[in-house]
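J.: Provided herewith is a single structure, encoded as structure tokens, for subsequent inquiry.
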Amino acid sequence: MRAPFVYDPARPDFQDRAYDVYRTLRDEHPVYHNAEAGFWALSRFEDVRAAAADPFAFSSEGTDTSQGLLPMIQALDPPRHDALRQLVSKAFTPRRTADMEPEIRRIARELIDGFADDGEADLLARFARHLPSRVIGEMIGIPPERREHFLEWTEALVEARPGAKQVGGHPALRIYQEFARLLGERRATRRDDLMSALLDAEIDAARLSEDELLGFCFVLIVAGNDTTTNLVANGAVLLADHPDQRKLLVEDPSRIPNAVEEMLRCESPAQALPRIARRPVELHGATIPEGALVRLVWGAANRDEREFADAERFDAARSIQRHLAFGQGVHFCLGANLARLEAKVAFEELLARFPDYRLRERPTWITSIWARAHPAVRVTLG
Ligand code: HEM
């Protein structure tokens, strides 16, 4: 007799079977209910997209997963969400992101120089882990000597990788305290950084409150660091596993941005995020009750054959019109352009220096209910 199907991403063996589980979810349980663990799940592309696009049926209020203590943009619904998003978007502009490219490249090269002569490296520990935190630290205006602390504190918040340092006190509090101090300095003297721009952001005489400022700075480092690290690390493994495709990127780096979209689709760093049903929702003959916790499984939606031909295959040249790795709707990732730029530069630099790197061992997966993350990516540089 077949054991009853269970989708429980908290199980230690889940990540190894994730994509088989997702296929069963999509095909046989499009509205899945795990009564024991107390959640529902949507996994088909169209269902996940539609749910994310309807914040009135599927609310984000009260769903914070990042252990933040202040109200944060991704856990607010419209209209509060939209007002905050408008204000922060005044500071976190596409221009400010695009201007970072030379700095991102400088940081990427410096990191690569640090291990280039070693013959082998853990690309996660030496490269992917540091790039996003240095970049956002630079953008926000965190002094260089404080950045390692921020990295440790944020890593203590998300599921710890083996070797992550233990942090005394509540790491979120440490982060707020440090930001409060830095914001105090910026109030006295503005600089050309995101913190100063946030202090100046104003729409219709509305400004960000101190709590909103702190909450937003917190989100920038918590939402952006680990996800981008995992994009680069997961992508590096995909390319090692597909040397023919990698060769095409080495020969023509202008193909890299498209390959990054396919990495996002195939191994989405944010696999799922929560919503609360604000009213009963009928779908595929089932009713999700009001108040239910619903997981939107981006990682399953992004491999849905109903949306993508040959969806389980990594194809760096695939023409991708859309995917859900950065979410959808009002909460669509504010850092998407930055993450894309970082990954583009990361692979341009990595492949220029090490076109033939090889995995030394098959990387394992971290047990996480939200993320798709390797603990290490050890390679021979070639
Ligand atoms: C590959 C890297 C990244 C991935 C996969 C990712 C994924 C996501 C997803 C799926 C959401 C939607 C959340 C929801 O609907 O509940 C989101 C929102 C958000 N992301 Fe990202 N993200 C990445 C990088 C970044 C970076 C670099 C930053 C900032 C520096 C950032 C800042 C944000 C913010 C502020 C939100 C909330 C937006 C809102 O609620 O209006 N993310 N991200």
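The values are calculated or read from the model by the stated rules, or taken from the named source; none is laboratory data. Values in this document were obtained by computation on a predicted structure and should not be read as measured data. Glycine gets a Cβ as well: all are built from the backbone with ideal geometry, and neighbour counts include every protein chain shown. Keep in mind that these areas ignore ligands, DNA and RNA; they rest on the heavy atoms of the full protein, side chains included. Shrake-Rupley method; radii C 1.70, N 1.55, O 1.52, S 1.80 Å.
J.: Between Lys247 and Asp16, what is the label-point separation in nm under the 7 Å Cα-to-beta-carbon projection?
T.: Reported label-point gap for Asp16 and Lys247 is 3.2 nm.
J.: Order Asp118, Asp16 by their accessible area, 1.4 angstrom probe, all chains in place, largest first.
T.: On the way: Asp118 85, Asp16 120 Å².
Descending accessible area places them as Asp16, Asp118.
J.: Continuing with the same structure: Please state the relative contact order of the stretch 311-382 as a whole percent: Cα pairs under 8 Å, 6+ residues apart? All intermediate terms of the calculation are to be shown ahead of the outcome.
T.: Working: 42 pairs, mean separation 16.1, N = 72.
Relative contact order, the stretch 311-382: 22 percent.
J.: If ligands, DNA and RNA are left out, what is the accessible area of Asp113 with a 1.4 Å probe, given in Å² to the nearest 10?
T.: Surface accessible to solvent at Asp113 totals approximately 90 Å².
J.: Provide the percentage of antiparallel DSSP beta bridges, counting only those with both residues in the chain; round to the nearest 5.
T.: Working: 21 of 24 bridges.
Roughly 90 percent of the DSSP beta bridges within the chain come out antiparallel.
J.: Follow-up question, since we're still on this one. Over the chain, with a Gaussian network built from C-alpha contacts below 10 Å, which listed residue (Glu155, Glu312, Glu282) shows the highest mean-square fluctuation?
T.: In the Gaussian network model the winner is Glu282.
J.: As an exercise, find the ratio Rg/Rh for the stretch 93-159 from alpha-carbon atoms, using the Kirkwood inverse-distance average for Rh. Please list the in-between numbers first.
T.: On the way: Rg = 13.0 Å, Rh = 13.0 Å.
So for the stretch 93-159, dividing Rg by the Kirkwood Rh gives 1.00.
J.: Then there is this: What three numbers, in Å, describe the spread of the alpha carbons of the stretch 321-382 along their principal axes, ordered from the longest?
T.: Extents along the principal axes, in whole Å: 44, 30, 19.
J.: What is the Rg over Rh value, at two decimals, for the stretch 122-274, using alpha-carbon atoms and the Kirkwood definition of Rh? Show your work: numbers first, answer last.
T.: Numbers: Rg = 18.0 Å, Rh = 17.4 Å.
A ratio of 1.04.
J.: With each pseudo-label sitting 7 Å past Cα toward Cβ, what's the Arg378-Glu103 distance in nm, one decimal?
T.: 3.5
J.: Next question, about the same structure. With θ taken as phi - 60° and the coefficients 6.51, -1.76 and 1.60, list the Karplus ³J(HN,Hα) couplings across the stretch 143-157 in order, rounded to whole Hz; mark glycine and proline as x.
T.: x, x, 6, 9, 5, 5, 5, 4, 4, 5, 5, 5, 5, 6, 7
J.: Here's another thing I want to ask about it. Please list, in order along the stretch 284-290, the HN-Hα scalar couplings obtained from phi with the Karplus expression 6.51 cos²θ - 1.76 cosθ + 1.60 (θ = phi - 60°), rounded to whole Hz, x for Gly and Pro.
T.: With coefficients 6.51, -1.76 and 1.60, one gets 6, x, 10, 10, 7, x, 4 Hz.
J.: Also, I was wondering about something else. Give the long-range amide H neighbours of Tyr7: residues separated by 5 or more places, or on another chain, with amide H under 5 Å away, using H modelled in the peptide plane at 1.01 Å from N.
T.: none
J.: Write down the accessible area per residue of the chain in Å², having rolled a 1.4 Å probe over the full set of protein chains. Before the final figure, lay out each step's value.
T.: Numbers: 16640 Å² over 382 residues.
Value for the chain: 44 Å² per residue.
J.: Also, I was wondering about something else. In whole percent, how big is the carbon plus sulfur part of the accessible area of the chain, probe 1.4 Å, protein atoms only? All intermediate terms of the calculation are to be shown ahead of the outcome.
T.: Numbers: 8410 of 16640 Å².
Carbon and sulfur together cover 51 percent of it.
J.: Which Rg and Dmax, in Å, describe the Cα atoms of the stretch 1-159?
T.: 20.7, 61
J.: Please state the relative contact order of the chain as a whole percent: Cα pairs under 8 Å, 6+ residues apart? Could you put the intermediate results ahead of the total?
T.: Numbers: 585 pairs, mean separation 103.1, N = 382.
Relative contact order comes out at 27 percent.
J.: If r is the Cβ-Cβ distance from His284 to Ala205 and R0 is 56 Å, what FRET efficiency results, to the nearest 0.05?
T.: On the way: r = 47 Å, r/R0 = 0.84.
Plugging the Cβ-Cβ distance into 1/(1 + (r/R0)^6) gives 0.75.
J.: Over all directions, what mean area does the Cα convex hull of the chain project, stated in square nanometres?
T.: Values: hull surface 79.0 nm².
For the Cα atoms of the chain, the hull's average projected area reads 19.7 nm².
J.: Kirkwood-based Rg over Rh for the stretch 228-382 (C-alpha set), two decimals? Please report the intermediate quantities before stating the final value.
T.: Values: Rg = 17.2 Å, Rh = 16.8 Å.
When Rh is taken as the Kirkwood radius, the ratio is 1.02.
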